[in-house]
């Protein structure tokens, strides 16, 4: 019984529906990268913030953040955006995304990817990204 309480949360309520926290497979990651644009950098920064700074960060980027958070939640939960707009709270959507990030251990995955890129190749990619007006890796 105690093990049940110690397990990570694998489902969350969005509106009135319980949805599973998804595994980020290659197929899902491709869908995300097609959608994300600048929100990827924002989400990484958001989830890297301390709890005290997170609320300030969300308010500062609210114009972009709210729509994108609902769109990403729809994409990952397979629930229609129209349903989420009417039924799901912002807190439910952000919890869903946070738990998805944690379930897939994205901090470690990003660190592993960073370790795979040789320093010269990393510099080359960063210079390309800067030239395209995007953020650093």
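Throughout, read-outs are computed from the coordinates displayed, never taken from laboratory work. Note that the structure is predicted; figures quoted are calculated from it, not measured. Every residue, glycine as well, gets a Cβ built from its backbone with ideal geometry; the counts of neighbours run over all protein chains shown.
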I want to check the label-to-label distance for residue 105 and residue 31. Put each point 7 Å from Cα in the C-beta direction and report it in nm to one decimal. 2.4
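Of 21, 66, how do they rank once you tally other Cβ atoms within 10 Å and put the fewest first?
66, 21
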Once the principal axes of the Cα atoms of region 10-104 are found, what is the range along each, listed largest first in whole angstroms? 29, 29, 23
